[in-house]
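Data block below; observations after.
The values are calculated or read from the model by the stated rules, or taken from the named source; none is laboratory data. Quantities reported herein were computed from a predicted structural model and do not represent experimental measurements. Neighbour counts are summed over all protein chains in view; Cβ atoms, including those assigned to glycine, are modelled from backbone coordinates with ideal geometry. Just so you know, the surface numbers come from the protein's heavy atoms only, side chains and all, with ligands and any DNA or RNA stripped out. Shrake-Rupley method; radii C 1.70, N 1.55, O 1.52, S 1.80 Å.
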Amino acid sequence: MPKPELDLLVRARRVVTPGGTAPGAVGITGGRISAVEAYDSPLSGQETVVLADDEVLLPGLVDSHVHVNEPGRTDWEGFATATRAAAAGGITTIIDMPLNSIPPTIDADALRAKREAAAGQVHVDVGFWGGAVPGNSGQLRELHEAGAFGFKVFLVDSGVPEFPPLDAAGLDDVMRQAGELGSVVIVHAEDAAVIGSAPGAGGPGYGAFLRSRPGAAEVTAIARVIELARRTGARAHVLHLSAADATGLLAGARRSGAGVTAETCPHYLALAAEEVPDGGTQFKCCPPIRERANRERLWEALREGIIDCVVSDHSPCPPALKLAGRGDFGAAWGGISSVQVALPVVWTQARARGHTLDDIARWMAAGPAGLAGLAGKGRIAPGMDADLVAFAPEDTFTVRPDRLYHRHRLTPYAGRRLHGVVRRTWLRGAPVTGERASGRLLARGADPE
Ligand SMILES: [Zn+2]
């Protein structure tokens, strides 16, 4: 009997797999990777794509930190625009944050509302985090069973009134429940008391804003999270780590076997406080972008494996809320839009520090997939979803806001020259072109819809 023909065969001079980067041929059947063989393997497909010599085949990236804001604040960002931008940036799976949409994703009904809002308009696969806030303790099990990937919590004001922070007892409770459910608690780790005693942040000067969100707020909150993870045995994940002073604590937690992981974001790895112009509120995010020396220590922590993931924390809002004209760091919305450029932003910095695309695949695909428990995503290997990216790592481009698919194009990266061009993206073996919204909605532990 002849060997069944593959749907698609992709040959590339460099294929980034968990075992390293090498020439290869990747066979795809029914949306999954069915074979990874030598470049000149006699495999044949109904369609064969041979990547150009300057292109690398990467696994589709998994961005576990995206604020889509739909329903309720769709004028900030929506599923169609966010997922189109993600695909253009080589990201084939996003996990949506439970706030700034209305309702926030804090019970099973709200998760249903999210899924209904997303249905039929997503260009990449989309999963959903749930949220734990004061008063929804009794909803967490149902939210988990409805498919939420874990529970997000704040220990400080979130910026929106419908998603308040937890107090110590509340955090204790969600950690205990997550441990019982086998879920994960993802934490915005800045301590409210430390921030409360710091000076205020008004005006256009970046220095005042930076002093209003000191690194000590992150260190204090992360110490608490580690202590609770040890005590409850629950898994916890530190979101958007900015303060390098906390990396020692995280390393210690890892050595002692506590289930605490951490992520950082493109802006903390690429930008620096010294470069933020007065009134440059497109650079405002919480925790803040810190000094250059801090940034280099974050790179060290990545190198040492203390930080597991690099994800966008794409968190847009209308330009008026960024107060672009007035530039007041106290009043401006905090959040940076970057889902479309996260890969080239991080790669540009990574290559300059001697990192490889194997590192990128670990930080931006396998790492976030592992955090979310997505066993079929984030790696080029037989049995995995055929989510793939043709990436030209030495090609360059300049970020032009009018080329971004984000709903709003205000970005601190405007005008930056970056290395790495995403030439093509495949989702489950089919090219993502923007014409057809072929993404699926994912639920924890279930087959996609
Ligand atoms: Zn966020």
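Of the beta bridges in the chain, as assigned by DSSP with both residues counted there, near 45 percent are antiparallel.
Using a simple spin-label model with pseudo-atoms 7 Å out from Cα toward Cβ, Glu116 and Glu162 lie 1.4 nm apart. Specify which residue in the list Thr396, Leu298, Gly383 is farthest towards the positive end of the charge dipole of region 291-396, using unit charges on the beta carbon of Lys, Arg (+1) and Asp, Glu (-1), about the Cα centre. Result: Leu298. The residue list Ala229, Pro42, Asn69 was ranked by how far each Cα lies along the charge dipole of the chain toward its positive end, using unit charges on Cβ atoms, and Pro42 comes out on top. Sorting the Cα pairs of region 30-87 by distance into bins of 10 Å, from 0 upward, gives 15, 33, 24, 20, 8, 0 percent per bin.
Taking GluC sites (Glu not before Pro) across region 199-300, the ones in a DSSP loop with at most 15 further Cβ atoms lying within 10 angstrom of their Cβ are Glu291. Each of Thr93, Ala52, Cys317 was placed along the dipole of the chain (beta-carbon charges, centred on the mean Cα), and the one lying farthest toward the positive end is Ala52. Ellipticity at 222 nm from helices only: DSSP H runs of n ≥ 4 in the chain, each -39500 (n - 2.57), divided by the residue count, give -7500 deg cm²/dmol. Could you work out how far helix 108-118 tilts from the main Cα principal axis of the chain, as a 0 to 90 degree angle to the nearest 10? Between the helix axis and the principal axis of the chain, the angle is about 50 degrees.
Residue separation of Asp75 and Leu181 scaled by 0.36 nm, minus their Cα-Cα distance, works out to 34.7 nm of gained length. Once all protein chains are placed together, Thr21 keeps about 60 Å² accessible to a 1.4 angstrom probe. The mean sequence distance of close C-alpha pairs (under 8 Å, at least 6 residues apart), as a share of the length of region 1-160, puts its relative contact order at 17 percent.
Using the heavy atoms of the protein chains alone and a 1.4 angstrom probe, what is the accessible area of region 372-446 per residue in square angstrom? Result: 45 Å² of accessible area for each residue. Ignoring the sites themselves, the chain has its longest run without trypsin sites (Lys or Arg not before Pro) in a DSSP loop having at most 14 other Cβ atoms within 10 Å at 1-325.
Could you quote the convex hull projected area for the chain, Cα atoms only and averaged over all directions, in nm²? All intermediate terms of the calculation are to be shown ahead of the outcome.
On the way: hull surface 80.7 nm².
If I average the Cα hull's projected area over directions, I get 20.2 nm².
Atom-type composition of the exposed protein surface of the chain places 51 percent of the accessible area on carbon and sulfur (1.4 angstrom probe).
With θ taken as phi - 60° and the Karplus curve 6.51 cos²θ - 1.76 cosθ + 1.60 applied, the whole-hertz 3J(HN,Hα) list for region 356-370 is 10, 6, 4, 5, 4, 5, 5, 6, 10, 10, 5, x, x, 4, x Hz, x standing for glycine and proline.
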